[in-house]
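Engineer: One structure, pasted below without further comment.
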Amino acid sequence: IEGSESSSPASTLGELQEAIETQCYTTATAEYGKMMEDMKKRNDVTSLKPIQMEFVKWFDPLVTAIKEEQDACLAMLSSEDRSNYGPILVLLNPSKLAVITMHTVVSEVLRSKDADGTPFVAVVTAVGEAVRAELGVQKVLYERAYGDGSFRDSKIKDLLKETGATNRRVAQIGFNKLIGTVKLSDFMYSKLIDDELRGVIHVRHTPMVVPPKPWTSRLDGCYYFNETSMMRTHGCAMQSAALDSADLGTICRGLNALGKTPWKINKEMLEVEQEAWRRGMTVGDLPLSDDFALPKKPKSFDNSSIPKTPEGKVDKEHPDYPDFKERFRRHCNEQQVYSKVKQRNYELHSMRCDTLIKLDQARQFKDFDEIFFGWNLDFRGRAYPVPPNLNHLGSDLCRGLLSFSEKLPLTERGFYWLKVNLANLYGANKISMDARAQFVDDNWDDIVKSAQDPLTHLWWNEADQPWQCLAVCKELTRAVESGDPASYESSLFVSMDGSCNGLQHYAALGRDKQGGAAVNLTPMETPQDVYSKVLDIVLDKIDMEVNKELGPHADEADLQKNASAKRINGLVNRKVVKQTVMTSVYGVTYIGAKEQIKNRLEEQFEEIGLDVYDADVEAELDNCAKYLARLTLTSLDEMFSNARATMAWLGEVAAIVASQRQPMSWMTPLNLPCVQPYRRKQEKIVNTVVQAIMMVDKEDNLPVSTVKQRSAFPPNYVHSLDSTHMLMTAIEMEKRNLPFSAVHDSYWCHPQNVDAMNSVLREKFVELYSKPLLHELKKSLEDRYGRDCNFPEVPEFGELKLEDIKKSTYFFQ
């Protein structure tokens, strides 16, 4: 974007797009060559940034090492695996391979949030994918078999290690497993952050400066030179074959409609976010600028002090045993505190790098009148923007940086919806629509002060979505100051979100009147909040447990449950249970629910002054999370028995299909074939100079994983339906020439078009569920596998009237 290898700059946006897609590494290679040449001429490196100096140090030796290995490959010198990686290694020049390797390794390591580093196999696989992608861009025909990519990729990684660029570690996972990892030294990390990663991280899939290439088939669409697949198939050849033989016309129309929407960078918000970052402010979702103080690493515990019997067993009767037990407890506590602080700091490292990448990409694209996002699908049919960093699917920081490119007059209704949107973003979204608009009027002084001096007046920072809230504060202030808000032209988006959308889909599938009412499928004067309803049931159960009188013969489990109830009594709020309620319909397990609730309870423990780094507090927290996870899941079963019956039916039919040694597959209402890729793992060892790598085969001839096929199908099927609803809405909005975008169950449009979008999304939801979807699924399975498989009958429908959804104000809100 900021320069290319061409002798003259791109004269058209089309030429610039070509340069962006094709010269990612070519430009970087030329820059390194120029830096090396200039440095040698002047014999001076002081003109380079510290991080440039480090990369230049790596560049020359790595180029030399790759060149030597290429020569060995061309000379056909014998080696255990040279015949596998050699044909690929020689296809790109060594300078470009060096750049690809350096930047990919650094990028991959920076993404990791694990204090032990990034698994070695993940790093070499990423290098291989980057090499493969570059070969595709350069249209190099490599028809010779290249086998498993990691053979050749690990060779390049071996060469990088010889330059001293990275640290190699061995981390333990479990009791008897070791895994090789790669991480940057603290020195390298600090230099990367100081230099803001600019020129260090090269992202292949970026926003586009021209509309994406329309999708016409599985491998034809999105980028013009970077081959992109319509679906992320996880290497499932069966899925690819099904796509190639399917009529994807409607799917293409939906993805193309989403890709046509032009965006732009909100320059004003970019300046605020960059300034807040420069000041080290922890506003919005900006991470802390400083690490937590890391305690001194505990020394290894002296096992020789363990009192033992003559037979070598621990002697618990020994007079020194209580002292040993206390010293061991303190050691474990110190080790846990050290490990937890270290992990948190590493997560901060990753968050800072991610933030810098997003801000840098926004800076690169800030002067374009229009930018675009290409879209593709996961194997369930859910649609995602292809660029991984800066897009509206991302964090609040990302969304705050974006707006539609086109400006449209607000109109009176649009002004109203923009006010409602601010209330939603702030968290005032459990009241009526009119009350939300009134919320803005009641807080107008704070809104104006936030817009005028956001880094001093921080009212906006108390919002659920702070950066988006600030963007709306600024837009509303300008609209009012214009003197005619209805005529004020705005490019900001308004989002309408489903109410626990997964449960909405289950309620519609089973015509569940009670469950549907809880998630706003029926008309109500005020919005129903399913999270609060579940919370009420949970709190009643906690209260009963707290007031329970335990007899003298209560067992350990009853005592633990009672202690947990008393500890969390008064600490459990809507936020603690929300994520588990939201994900319950998407197949969250008890273990997953426990971890979700533990994270929220940890925040509550900290608020009342408990030291969550202490091992005893950690153990108590874990017990409380287990107890509350069971309560929450039980309460959900009580509230949504119809949804549970539908989930159980879906799981049962998937298990029957798996018993036929076949993966569960189905067609969405838009004719998209979906195949679950879950199979049993088959591992093989690949030897490299650095270490042996365990690779996992993903071939279609491996047996299916019956357990995973069964447990994953209910959420995957519902995901395929929520995607169908979104794509149906996108197609209809395009027909009406109304700019539209979405993030799964959050639908976006200009403020003036909210009423039209609300009408469309309700009509399409009713149209979708007016079809006998479960009966059609059962019939398709019987047609394929025969009636001998004895698929169970579809659960009996409830009394929900689908037409009522069109009249429900709070269905999406």
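Engineer: Would you mind ranking Asp637, Asp614 so that the residue whose beta carbon has the fewest other beta carbons within 10 Å leads the list?
Structural biologist: Going from least to most buried by this count: Asp637, Asp614.
Engineer: Give the separation of the Cα centroids, the range 457-529 to the range 349-370, in Å.
Structural biologist: First find each Cα centre; the distance between them is then 26 Å.
Engineer: If you average the C-alpha positions of the range 389-454 and of the range 716-771 separately, how far apart do those two centres end up, in angstrom?
Structural biologist: Using only Cα atoms to place each centre, the spacing works out to 21 Å.
Engineer: If Lys and Arg each add +1 and Asp and Glu each add -1, what is the summed charge of the other residues whose beta carbon sits under 11 Å from the beta carbon of Ala98?
Structural biologist: Result for the local shell: +1.
Engineer: Mind checking which helices in the chain clear 30 Å along their axis (Cα) and have mean Kyte-Doolittle hydropathy of -0.5 or more, DSSP H runs only?
Structural biologist: 50-74, 615-639, 706-735
Engineer: Please report, in cubic angstrom per residue, the volume enclosed by the convex hull of the alpha-carbon atoms of the chain.
Structural biologist: So the per-residue Cα hull volume is 220 Å³.
Engineer: Could you work out how far the C-alpha centroid of the range 792-812 sits from that of the range 598-628, in angstrom?
Structural biologist: About 40 Å separates the Cα centre of the range 792-812 from the one of the range 598-628.
Engineer: Then there is this: Per residue of the range 373-383, in order, report the coupling 6.51 cos²θ - 1.76 cosθ + 1.60 (Karplus, θ = phi - 60°) as ³J(HN,Hα) in whole Hz, putting x for Gly and Pro.
Structural biologist: Those phi angles translate into 10, x, 10, 9, 10, 8, 5, 8, x, 6, 8 Hz.
Engineer: Ranked by Cβ crowding within 10 angstrom, fewest neighbours first, how are Phe301, Phe791 ordered?
Structural biologist: Final ranking by Cβ density, sparse to dense: Phe301, Phe791.
Engineer: On to the next question. Restricting attention to the alpha-carbon atoms of the range 407-490, what are Rg (one decimal) and Dmax (integer), both in Å?
Structural biologist: 11.9, 32
Engineer: A further question follows. If each residue's Cβ is checked for other Cβ atoms within 10 Å, how do Val123, Val653 rank with the fewest at the top?
Structural biologist: Exposure proxy ranking, most exposed first: Val653, Val123.
Engineer: Sticking with this one: Rounded if a/c is under 1.5, else prolate if a/b beats b/c, else oblate: with a ≥ b ≥ c from the C-alpha gyration tensor eigenvalues square-rooted, which is the range 761-807?
Structural biologist: Oblate shape, in that a/c is at least 1.5 and b/c is the bigger or equal ratio.
Engineer: What shape does the range 456-505 take by its C-alpha gyration tensor, where a ≥ b ≥ c are the square roots of the eigenvalues and a/c under 1.5 counts as rounded, a/b above b/c as prolate, and the rest as oblate?
Structural biologist: Taking the square roots of the gyration eigenvalues as a ≥ b ≥ c, the range 456-505 is oblate.
Engineer: Would you mind putting 553-564, 354-365 in packing order, based on average other-beta-carbon counts within 10 Å, highest first?
Structural biologist: In descending order of packing, they fall as 354-365, 553-564.
Engineer: On to the next question. What ranking, highest mean first, results for peptides 529-536, 492-499, 603-610 when packing means the other Cβ atoms within 10 Å averaged over each residue?
Structural biologist: In decreasing order of mean packing, 529-536, 492-499, 603-610 become 492-499, 529-536, 603-610.
Laboratory data are not the source of any read-out in this text; all were calculated from the coordinates shown. Given the structure is predicted, the values throughout are model-derived calculations rather than measurements. Here the Cβ is made from the backbone with ideal geometry for all residues, glycine too, and neighbour counts use every protein chain on show.
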